[in-house]
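Everything on this sheet refers to the single structure shown next.
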Amino acid sequence: MGSLSMQFPDPEEVAGEINLSKSKLDQTHLLNLFKSQQKYLNHFFQNLDLSQTLSFTQTLLNSKGTIFFSGVGKSGFVAQKISQTLISLGIKSGFLSPVDALHGDIGILCNDDLLVMFSKSGNSEELLKLVPCAKAKGVYLISVTSVKPNGLMGYCDLNVHLPLERELCPFDLAPVTSTAIQMVFGDTVAIALMDARNLSKEQYACNHPAGRIGKTLIFKVRDLMKKKEELPVCKERDMIMDQLVELTSKGCGCLLIIDDEYHLLGTFTDGDLRRTLKASGEGIFKLAVGDMCNRNPRKIGPDAMAVEAMQKMESPPSPVQFLPVVNDDNVVIGIVTLHGLVSAGL
């Protein structure tokens, strides 16, 4: 079996072709580009037909089926992103590749669905081929374009025009301003839908369980606490020196002092151990845990939010590294640690 030989161009030859000696990239030129892009975006904002945009948003809001987005090239990437934004808001949505649609994927469309097609020119061959096939399935068709008139407008049930002065590209070719406009338009409509549906912060968090906001609003103390055999428990008459293994082996930095019914009587920390050793010296061998414990520790219930536990740990007069978890009868059912909360992403 033969091997493939690969030839790479000489970097100096490439540099010569690009003609780096004529490069004009400097701070002033870069600033002017940003100002030009701002000007083109302002043209979009100043000329957008809000009544047309309202009809588009209302149509999406009233949809009984799935809102599909489609597009080719850079517009396709924008369409995918907007679809993902709607999904994150709990709205049924999806991306339909116009090429794959003509090879079987169009089977996902139903007559209650919407198909929103993003295209700068509105004349993309792939979309024009998709339109009659989607229309035959009873799908409501919407075009979002920047050039008019165009091919899609004559086939769609609703047409949205995104005003475009020109592309930032010096040749007015590379789709940079047009895609920025598409993204701004789509994401703003998504937030309008979010408001119209009265989506709460808690509902939003449910769709983002791996993110910090989701963890903050979803996780409760019971979800993150240690329990049963993981608990560093002891009785108040146990000798301090006899409980060193329990104090260090459970990874909590403390002992939870309980009675026979598991009621919380107090806590004893590794800090208490150091202070006792410094104050008592060899006398520590004669001391019970209950002699040196904190009889009024901070504690929390299992149904409290995990973020509330973290706030309680960090509150004055001084931060603590753990909270005993007790039920309404002050019975110990767990312990939550600062390390555990941080490890969970809070």
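Computed from the C-beta positions of Asn330 and Lys286 and an R0 of 35 Å, the FRET efficiency is 0.75 to the nearest 0.05.
Which is farthest toward the positive dipole end of the chain among Thr59, Val342, Val233, measuring Cα position about the Cα centre, with Cβ charges +1 (Lys, Arg) and -1 (Asp, Glu)? With unit charges placed on the Cβ atoms, the residue in question is Thr59.
Other residues within the sphere of radius under 11 Å centred on the Cβ of Arg237, judged by their own Cβ, net out at -4 (K and R +1, D and E -1).
Mind checking the full-extension length gain between Asn123 and Glu261? Use 0.36 nm per residue of separation minus the Cα-Cα distance, one decimal, nm. Walk me through the numbers before you get to the answer.
Numbers: separation 138, 0.36 × 138 = 49.68 nm, distance 7.68 nm.
Length gained, Asn123 through Glu261: 42.0 nm.
With 19 Å as the limit, the listed pairs Lys235/Lys312; Lys201/Lys299; Lys226/Lys299 have Lys235/Lys312; Lys201/Lys299 beyond it between alpha carbons.
Just to confirm, what accessible area per residue do you get for the chain at 1.4 Å probe, in whole Å²?
Values: 19690 Å² over 346 residues.
I get 57 Å² per residue for the chain.
Each of the peptides 59-70, 273-284 was scored by the mean count of other Cβ atoms within 10 Å over its residues; in descending order, highest first, they stand as 59-70, 273-284.
Given that compact globular proteins tend to follow 2.2 N^0.38 Å, what is the ratio of the alpha-carbon Rg of the stretch 259-346 to that value? Don't skip to the answer; put the middle values down first.
Details: Rg = 14.7 Å, N = 88, 2.2 N^0.38 = 12.1 Å.
Output field value: 1.22.
With 20 Å bins beginning at zero, the pair-distance distribution over Cα atoms of the chain amounts to 22, 30, 26, 20, 2 %. Round to a whole angstrom and tell me the spacing of the C-alpha centers of the stretch 230-291 and the stretch 47-73. First find each Cα centre; the distance between them is then 64 Å.
Let's see if you can work this out: charge +1 on each Lys and Arg Cβ, -1 on each Asp and Glu Cβ, no other charges. What is the dipole magnitude of the chain about its Cα centre, in debye to the nearest 20? It would help to have the intermediate numbers written out before the result.
Numbers: 34 positive and 38 negative charges, 121 e Å.
That gives a dipole near 580 debye.
Quick one: what do you get for the stretch 129-265 if you divide its Cα Rg by 2.2 N^0.38 Å?
2.15
For the pair Asp242 and Lys137, the difference between a 0.36 nm per residue extended length and the Cα-Cα distance amounts to 30.1 nm. Given a 10 angstrom Cα cut-off, can you work out which residue in Asp328, Asp195, Asp172 is the most mobile in a GNM of the chain? Of Asp328, Asp195, Asp172, the Gaussian network model singles out Asp328 as fluctuating most.
Summary of packing: across the peptides 73-84, 29-40, the per-residue average of other C-beta atoms within 10 Å ranks them, highest first, as 73-84, 29-40.
Farthest toward the dipole's positive end in the chain, which of Phe118, Val326, Phe185, given Cβ charges of +1 (Lys, Arg) and -1 (Asp, Glu) about the Cα centre? Towards the positive end, the residue furthest out is Phe185.
Within the listed set Glu167, Glu202, Glu230, the Gaussian network model of the chain (springs between alpha-carbon atoms below 10 Å) gives the highest mean-square fluctuation for Glu230. Compute the label zone of Ser36 within the stretch 165-194: residues whose backbone N is under 17 Å from the point 7 Å along Cα-to-Cβ. Residues 165-181 fall inside that zone. Where both bridge residues fall in the chain, DSSP classifies roughly 40% of the beta bridges as antiparallel.
Summarising the label geometry, the points placed 7 Å from Cα in the beta-carbon direction at Thr28 and Arg166 lie 2.1 nm from one another. Assuming R0 = 30 Å, can you tell me the calculated FRET efficiency for the pair Ala196 and Asp105, based on Cβ-Cβ distance, to the nearest 0.05? It comes out at approximately 0.50.
The values are calculated or read from the model by the stated rules, or taken from the named source; none is laboratory data. All of these numbers come straight from a predicted model, not from anything done at the bench. Because the Cβ atoms are built from the backbone with ideal geometry, glycine has one as well, and the counts that use them run over all protein chains shown. These accessible areas exclude ligands, DNA and RNA; they are computed on the full protein's heavy atoms, side chains included. Shrake-Rupley method; radii C 1.70, N 1.55, O 1.52, S 1.80 Å.
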